[in-house]
Amino acid sequence: MTLPPEYFEHVYGNSDDPWNFESSPYEAAKYAQTLAALPRSRYARALEIGCSIGVLTALLAPRAEHLTALDVNAQALERTRQRLEQADLLGGVTLLQRRLPDELPDGPFDLVLLSEVLYYLGPDDLERALDAVLARLETGGTLLLVHWTPPVHDYPQTGDAVHEAALRRVKTGALRHLKAERHGDEQEGYRLDLFERC
């Protein structure tokens, strides 16, 4: 079952940075690896789904002529807005409060990034979300997935299950798999998979 918006209201109500995105060396290294994996130096229309408080958003924005960043939580989006404003990056970014899988903005996009977000979806919603993403990704566009792999007791899925669902779309010819990486270990690790829209 997909985690409801109220779950994130509780999380952000208890902390401005519940996953230590601003201060964690692990997160900083993951963000650097995420950006390094992108095959193009710049994108025309990028979509970041699940931007949280905008730490990665601020790093991604200079790589796009226009970036649309989504999150389900209004408090997280406000933190993102403040961060981008302070860095003078807000002009090239649109922030939207949206929920997966049914509220994605219209495409096409030449980059879609999903970092630490898809494991919040139940199995049916995950499949619908991936289909919705692909419908908005232009031919030749980049799809990058980055997810924590150790199990979390209240998440409906693991990062591995999420990435395997995306990999099934390679077999159908919808995606080409360009890169697979694993970092960290069973206690603190993530996987990164890079795809291109066929």
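Worth pointing out:
- Residues considered: V170, V133, V162, V146. Of these, the only one that is modelled with pLDDT of 95 or more, touching a strand residue (DSSP E or B) at 6+ places or on another chain (Cβ under 9 Å) and either surrounded by fewer than 21 Cβ atoms within 10 Å (Cβ to Cβ) or among the hydroxyl-bearing types (S, T, Y) (or both) is V170.
- Filter result for P105 (in a loop (DSSP other than H, G, I, E, B) and at pLDDT 95 or above): yes
- Any hit, region 44-66, residues being in a loop (DSSP other than H, G, I, E, B), among the hydrophobic types (A, V, I, L, M, F, W, C) and more than 15 Å from the chain's Cα centre (by Cα): no
- Against the conditions (1) surrounded by 21 or more Cβ atoms within 10 Å (Cβ to Cβ); (2) not in a strand (DSSP E or B), G141 satisfies every one except (2).
- Subset tally (residues that are loosely packed, with under 15 Cβ neighbours inside 10 Å, part of a loop (DSSP other than H, G, I, E, B) and out of contact with any Gly (no Cβ under 6 Å at 6 or more places or on another chain)) for region 1-15: 2
- Within region 21-38, if we keep just the residues that are over 23 Å from L121 (Cβ atoms) and polar (S, T, N, Q), the residue that is surrounded by the fewest Cβ atoms within 10 Å (Cβ to Cβ) turns out to be S23.
- Looking only at region 87-123, and only at residues there that are touching a helix residue (DSSP H, G or I) at 6+ places or on another chain (Cβ under 7 Å) and of a type in the set (V, I, T), the one that is farthest from H153 (Cα to Cα): V93
- From D125, D106, D131, residue being in contact (Cβ under 8 Å) with a residue 40 or more places away in the chain and under 20 Å from A174 (Cα atoms): D125
- The single condition from (1) touching a residue at least 60 places away in the same chain (Cβ under 8 Å); (2) assigned to a strand (DSSP E or B); (3) under 14 Å from the mean Cα position of the chain (by Cα) that R99 fails is (2).
- Screening the candidates L130, L113 for the property of being in a strand (DSSP E or B), under 19 Å from C51 (Cβ atoms), under 17 Å from the mean Cα position of the chain (by Cα) and aliphatic (A, V, I, L, M) yields one hit, L113.
- Within region 48-71, residues that are at pLDDT 95 or above and crowded, with 21+ Cβ neighbours inside 10 Å have Cβ atoms under 6 Å from residues that are among the basic types (K, R) and in a loop (DSSP other than H, G, I, E, B) in these pairs: L70/R98, counting only partners at least 6 apart in sequence or on another chain.
- Residues of region 145-198 that are among the β-branched types (V, I, T), outside any strand (DSSP E or B) and touching a helix residue (DSSP H, G or I) at 6+ places or on another chain (Cβ under 8 Å): T149, V152, T158, V162.
- Residue in region 87-114 that is surrounded by the fewest Cβ atoms within 10 Å (Cβ to Cβ), counting only those that are farther than 20 Å from S41 by Cβ and touching a His at 6+ places or on another chain (Cβ under 9 Å): T94
The values are calculated or read from the model by the stated rules, or taken from the named source; none is laboratory data. Model, not experiment: these values are computed from the prediction. We place every Cβ from the backbone using ideal geometry, glycine too, and count neighbours over all the protein chains shown.
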